[in-house]
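Notes for the one structure printed next.
The values are calculated or read from the model by the stated rules, or taken from the named source; none is laboratory data. Owing to the predicted nature of the structure, the values given are computational and were not obtained by experimental measurement. Note: ideal-geometry Cβ built from the backbone for every residue, glycine included; neighbour counts use all protein chains shown. We work out accessible area using only protein heavy atoms, side chains counted, and drop any ligands, DNA or RNA first. Shrake-Rupley method; radii C 1.70, N 1.55, O 1.52, S 1.80 Å.
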Amino acid sequence: MKKLFKIIWFFTKLGLFFLLLGIATLYVTYKIMEKDLPSVDSIREYKLQVPLRIYSKDGKLIHVFGTKRRSPADIEDIPKNLINAYIAGEDANFYSHFGIDPKGLFRAVWEVITTGHKKTGGSTITMQLTRNVFLSLEQTYTRKLKEIFLAIKLEQTISKDEILELYLNKNFLGHRSYGIVAAADLYYGKTLDELTLAESAMLAAPPKAPSRINPITSPERALLRRNYILRRMLELGYINQNEHDKAVEEVDHAVKHEPAIELNAPWIAEMVRAEMIEKFGDGTYSDGYIVTTSVDSRLQQAAEVAVQKGLQAYDKRHGYRGAIKHINLDINADSQENGEELINQAIDKIAKLPSTAGLQVALVTFVEDESMITRLVDGQDVVIGFESSKWAKPYINNEKVGNPPKTMHDIAKTGDVVMVKRNTTGDFELAQIPRVQGALISLDPNTGGINALIGGFAYSLSKFNRVTQAKRQPGSGFKPILYSAAIEAGLTASTLINDAPIVFDDDKLEAAWRPQNYEKKFYGPTPLREGIVRSRNLVSIRVLDRIGIDAGRNHMLKFGFDPNDIPRNLSISLGSPNVTPLSMARAFSVFANGGYLIDPYLIQTITNQNGDVIYEKEKVVLCDDCEGKLVQLEAKLAQATAAEQALEIQEKAKLTQAKNLELENNTVKNPEKNIESSSEDIAQLDTTIYPPRVISAGNQFILESFMKDVIKRGTGRKALVLKRNDLAGKTGTANEQMDAWFNGYQRNIVTHAWIGFDTPEPMGRAETGGGAALPIWIDFMRVALEHFPTFKRPIPAGVVAAKIDRKTGLLAASNNPDTMLEYFIAGNLPEEENTDNQATEIDDELVDDLF
C-alpha cells in the first residue's frame, strides 16, 4: 500500500512538474511573442469595411462601390435564432469560456497527434475574430499561439456581446458578402428579421469554408451543415423538436440577389466616386460612407428616356446600316430538329453581344414580305412587322439614304443578327445602336444642384461623360452671352445692326473669312432683338466688332468659362469656343436666377458608417446686398477673433503683470459679449454661400425677353408644344451641323441638350439645334415642369418700356401706326423720332404681349 502511494505521489509530482513546465513554457512563449502581438485595445476603434453607397436626393440607390458587401447590425437587432445558430455551430461554450476552450483545443491537438489530421475545430468565436481582425490566414503553429494569446486578451478588453457583434458583422460568408446582413440579402433577399429558422441556420453554415460551403456554390454540402446546426440547436435546448423537424423539412430557396439599384445614373455615380476619392482616398470604398446627391430620380429617369429617344430618332432619319453580322443558317426544311439545333448554336455565338438601353440582340430565323421572326438570346421568338420597319432605308451617308424598302426581304434575311426593342405599345420592332451621341444636363439655377445628368446613349457602351468631358462648339447658343455684353456696352434692344456681307482678312488665316447666315441670305438693318431671335450670324459678328473683342470676351468670362477656352477673335461671336455642356448650363443659370454665377455640385451630404453627417453642402443665398453682408460677417469674425486673442492676453497679464490689468481691461470692452453676439453670424458665414452677381438685373431681364421670343417666334418655336409662357432659350448649331444644342430654362430649372458625333463630322443639313437637340429638351422639360407653376418675372428697377418705330428703332411719335413696345435700361433709350409727338404712355397689354 505504501509502495502504491509512493507511485501515485511520484506521478502526481511528475504531472504537477509538467503542468508547471507547460505553464512556464506558455508564459515564456507569451513574453517572447508579446512584442509582436498587436494591441487589442484598437478593437474599440476598429472599422468594418463597408462599401460606399450613393443615393438620389429622394433616397433611391444609385450605386454601391466596394469589393466587400457589408451592412453592419447592432447586437440587439440580431434575431435570437441567428445568434443561437452561430453559437451552436461554432462555439457552444462561448458565454462561459475566457477566450479559449481548453477542452476543444486538447481535442484538436489529440486528433493531430493520433491521426495526423485535424477533424474538428478548436477555435472559439473569439479566436476566429482575432484571426480575422489582427492576423493572417497562414496555417502555422506560431499564428495559432498568437491567436490564443490575443483571444484571452480580447476577452479582458471588451464584452461578450461586443465580440459577438463584431464577429457576426465581419465574417466572410461567401460571394463577396461580409457579415450576416449582407449574407441574408445576398442569399435570400431578406432583412434579418424576415429570416426563417432554417435560413438562420443556413447563414451559420459558411464560416467553416465560406467559398465552398454556401447555399449557392454547393447547396448539398451547405444543407448538410445547416441540418447539423439545427441538430446542435436542439441538443443545446435552443429549439424544440417540432421547430427542429419543421426547419429540417424546409426547402432552401437561396439564389443570388444583387444590390437593388433603384436609379440608373452611372455617370453621376462615377462623378461622385471620383470626388469622394479626392476627399477620402482609398477609404472611400471601405469606410461605409453614404452619399446623398442633388439628383431627382424622376428627372433622371426622364432625362435618360429623352436622350435615348432623341438619338434613336436621329438614327432612324439617317437610315438602316444593316445587320450587326450574319450567321449562315443552312436549315433543311425537312428537318425541324436540325434547324433548331443550328439556331441554338447561333444564339450561343451572339449571347455576349451588347444589349443595352432597351435594345436586345436577336437572330432572324424566318423572313416573309410583311414580317420576320427573330429569336432573342433568352430563347423567345418575336415577330417584327414590316409596317414598323419602313424607316429602314439603306444608310448611304449622313446626308443621304437609299430607296424605301418595299418588303421585309429588302431589310433582312435569315441568319442576320439585328437589334430589336419594345415600342410604347409593347410590341417588338427593328432597331439599331445609334452612332451619334448626346448629352443632357439639368441644374437648379438657385443653388447649382444637378437635377439630372446623362453623359451619352448608354454607359455600358461608352463611359465617356460628354456633359463634363466633351468640349464642343456651342454655335449660336453662345449669342445670348454676347448680346448681354452688348447691352452692358450701351447697345439697346432696338439698336440697328446691318445684316450684310462682310469679309475679314487675317494673316493667320489661309484665306479671307466670309461668314454667312444659315439661310445664306442677307436682311439689311436688323434690331438687336431680331438678330438673336432669328439667329443672324452677320449681326452677331458686327455686334462684337462694334463693342470690341476684349470687352466682349471679358464679359463672357464673367459667366464662369475657362479663359483658355475663349479665343481672342471675332469667331467667338458665332460660338467658336470649345466648352462643355456643364459650363453652358452654369452660364445660362445666370440668366435664369437673375444674374448670379452659381457653382454646379452633386454631393448634398456625406454620412459615415456611424450615422454622423460629416459633410453638408452649404446653403446658397442669392441677394443683391450679399457682398455687404459678407463683409459685415467677416468683420464680425475678425472682431471675435481679436476679442479671443485679447482675452488670452488678459489671462497672461493677470498671472505675470498685475500692473497691466487695468490697462488691459480698458483696452478690451466686454470681449465675451463680442464673441457671444458674433457666434451666430460666424456660423452663418461658415454654412452659407453668396454667389456673386455678374450681370445686372436689367441686363438679365432684357436678355431673357430676347430668349423668350426665340421660343415664341424664333428658332425654338417647337417648344411652344409645352404650352408655357415662362420658357426662354437659344438653339445652337456649329459649322456644318457638327454640333446641335438647345440651351433653355424656366426660372427654377436650366436644361441643356447636345447631340453630335464623338469624332466631329457633319450630322446632315437639317440636323440643327432646333431639329435635333430641341426635341430632347422638350421631352425632358415636359416632365420637369410638372411641379413648377408658371413664373412671371417682375420688371426690375432701372428698366423702362417705351414704344419704338419698328423700322428705325427710334422712340415712336404718338401718331406712328407701326410701333412696338421695347425694354431699355433707364437712361439709355434711343433717340426720339419726333420730339413734339413722341409716345409717352405705356400700354399694359403691349407689355404683357412682349414679355
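Here are the numbers for the structure shown:
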item	result
Entries of Lys325/Lys463; Lys57/Lys208; Lys723/Lys807; Lys57/Lys190; Lys208/Lys352; Lys146/Lys256 with Cα pairs more than 32 Å apart	Lys57/Lys208; Lys208/Lys352; Lys146/Lys256
Selected from Gln312, Ser286, Asn328, residue furthest toward positive end of dipole (the range 283-387; charges at beta carbon)	Ser286
Mean separation of Cα contacts under 8 Å, 6 or more apart, over the residue count of the range 423-552: relative contact order %	19 percent
Given charges at Cβ of Lys, Arg, Asp, Glu: the range 518-637 dipole, positive-most of Tyr601, Gly575, Thr526	Thr526
Accessible carbon and sulfur surface of the range 373-469 relative to its total accessible area, %, 1.4 Å	50 percent
23 Å Cα-Cα threshold exceeded, pairs from Lys558/Lys730; Lys316/Lys712; Lys349/Lys413; Lys390/Lys520; Lys520/Lys708	Lys316/Lys712; Lys390/Lys520; Lys520/Lys708
Highest-first arrangement of 787-800, 262-275, where packing means the average Cβ count within 10 Å	262-275, 787-800
Listed peptides 61-74, 420-433, 447-460 by packing density, highest first (mean Cβ within 10 Å)	447-460, 61-74, 420-433
Estimated translational D of the range 534-600 in µm²/s (Stokes, Kirkwood radius over Cα pairs; 25 °C; 0.890 mPa s)	195 µm²/s
From phi via Karplus (6.51, -1.76, 1.60), per-residue ³J(HN,Hα) for the range 746-760 in Hz, x at Gly/Pro	10, 3, 10, 8, 10, 9, 10, 10, 10, 9, x, 8, 4, 9, x
Using θ = phi - 60° and Karplus 6.51 cos²θ - 1.76 cosθ + 1.60, couplings along the range 782-796 (whole Hz; Gly, Pro as x)	4, 7, 5, 7, 4, 9, 10, x, 4, 10, 10, 6, x, 5, x
By average C-beta atoms within 10 angstrom, highest first, the peptides 610-616, 748-754	748-754, 610-616
Cα convex hull of the range 402-516 - mean projected area over all directions, nm²	16.2 nm²
Candidate residues Asp444, Asp378: accessible-area rank, largest first, probe 1.4 Å	Asp378, Asp444
